[in-house]
Amino acid sequence: MARLCLILFGSPGSGKGTQAKLLKESLGIAHISTGDMLRERVASGDEIGRSVASLMQAGELVPDETVNRLVEERIEQPDCANGFILDGYPRTVQQAKLLAELLVLRPIRTIVVHLVVDYNVIIERISGRRQCPACGSLFGIRSNAPRTPGVCDNDGMKLVVRDDDREEVVRERLRAYEQQTAPVLAFFKKSGVPSWNVTAAGIAPQVIAQEIEALVRKERGEAA
Ligand code: AMP
């Protein structure tokens, strides 16, 4: 079966990370989150981390060359042999072009799933979002709440508010999405990559993941 590249597309707070974690298990492929990779670099204080910290804190995109290099290296790792889910990448048309060049060299099936959520829901979701500093899992204070308030279900760590989930930063991230990221969808459609819209609000994350899994299996020619 062809290797799979599942691109989860959508604005900040549309549920890409939550879906990627569920689909990683059901599809048995790797989860690549450029946001998580960059946050790890910032936490480690290495050269890349130091160069991107202030941009991330302001909710702006980091340079294409930096993320492109991280992704290029990451998809060569052994856990990507069956395929991978891209969460938060590509976010500019330049990144999408590089990805297309990388993928054209490989026997790989690329599918785009666009998680569609109303902006009012996004703002409400992000302001209630909490993340585990250890495993990266995301929870909400209203929906998708952890079993014990403020504590990660997976490892018992105390949940935190991500630095860039503050309201003024969220607005900047949504602006960056509209200006730089939304055009990426048109690029994929024009390139003939199968692209699906999935409604991702008001429905349990597990139900959304099942819908995406069925789409992927159909695209890969597998029985649902
Ligand atoms: P995320 O967790 O995906 O919302 O990403 C958090 C932040 O990391 C973004 O606001 C950007 O500053 C940076 N970032 C993550 N992925 C990318 C990307 N593909 N291109 C540029 N910046 C990115």
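The values are calculated or read from the model by the stated rules, or taken from the named source; none is laboratory data. Owing to the predicted nature of the structure, the values given are computational and were not obtained by experimental measurement. Here Cβ is always computed from backbone atoms with ideal geometry, including for glycine, and neighbour counts include all displayed protein chains. Side chains are part of the model used for accessible areas, which takes the heavy atoms of the whole protein and leaves out ligands, DNA and RNA. Shrake-Rupley method; radii C 1.70, N 1.55, O 1.52, S 1.80 Å.
Filter the range 150-161 for residues that are touching a strand residue (DSSP E or B) at 6+ places or on another chain (Cβ under 8 Å) and either in a loop (DSSP other than H, G, I, E, B) or surrounded by 14 or more Cβ atoms within 10 Å (Cβ to Cβ) (or both) and give the result. Those that are touching a strand residue (DSSP E or B) at 6+ places or on another chain (Cβ under 8 Å) and either in a loop (DSSP other than H, G, I, E, B) or surrounded by 14 or more Cβ atoms within 10 Å (Cβ to Cβ) (or both): Gly150, Val151, Cys152, Asp153, Met157, Leu159, Val161. When the residues of the range 71-106 are narrowed to those that are of a type in the set (S, T, N, Q), in contact (Cβ under 8 Å) with a residue 40 or more places away in the chain and more than 8 Å from the ligand (Cβ to nearest atom), which ends up surrounded by the fewest Cβ atoms within 10 Å (Cβ to Cβ)? Looking at residues that are of a type in the set (S, T, N, Q), in contact (Cβ under 8 Å) with a residue 40 or more places away in the chain and more than 8 Å from the ligand (Cβ to nearest atom), I get Gln77.
Listed here are the residues, each with its yes/no results for (1) open to solvent by 40 Å² or more (accessible area, probe 1.4 Å); (2) assigned to a loop (DSSP other than H, G, I, E, B).
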position	(1), (2)
Arg130	yes, no
Gly136	no, yes
Asn144	yes, yes
Arg175	yes, no
Val207	yes, no
Glu211	yes, no
Lys218	yes, no
Glu222	yes, yes
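Scanning the range 107-122 for residues that are open to solvent by less than 70 Å² (accessible area, probe 1.4 Å) and in contact with a Leu (Cβ under 8 Å, 6 or more places away or on another chain), we see that the one that is farthest from Asp165 (Cα to Cα) is Ile108.
Yes/no matrix, rows are residues, columns are (1) in contact with a strand residue (DSSP E or B) (Cβ under 7 Å, 6 or more places away or on another chain); (2) polar (S, T, N, Q):
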| residue | (1), (2) |
| --- | --- |
| Ile141 | yes, no |
| Thr148 | no, yes |
| Asp165 | yes, no |
| Val169 | no, no |
| Ile208 | yes, no |
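Scanning the range 42-69 for residues that are crowded, with 18+ Cβ neighbours inside 10 Å and of a type in the set (A, V, I, L, M) returns Val42, Ile48, Val52, Ala53, Met56, Leu61, Val62, Val67. If I go through the range 38-70 residue by residue, how many of them are near the ligand (Cβ under 8 Å from one of its atoms) and in a helix (DSSP H, G or I)? Qualifying residue count for the region: 8. For the range 23-34, the criterion of a residue being open to solvent by less than 20 Å² (accessible area, probe 1.4 Å), part of a loop (DSSP other than H, G, I, E, B) and of a type in the set (A, V, I, L, M) is satisfied by at least one position. Looking across Ala2, Ala30, one residue alone is touching a Phe, Trp or Tyr at 6+ places or on another chain (Cβ under 7 Å), more than 9 Å from the ligand (Cβ to nearest atom), within 28 Å of Ala186 (Cα to Cα) and in contact (Cβ under 8 Å) with a residue 12 or more places away in the chain. It is Ala30. Filtering the range 183-199 to residues that are open to solvent by less than 40 Å² (accessible area, probe 1.4 Å), out of contact with any His (no Cβ under 9 Å at 6 or more places or on another chain) and farther than 18 Å from Gln95 by Cβ leaves only Pro194.
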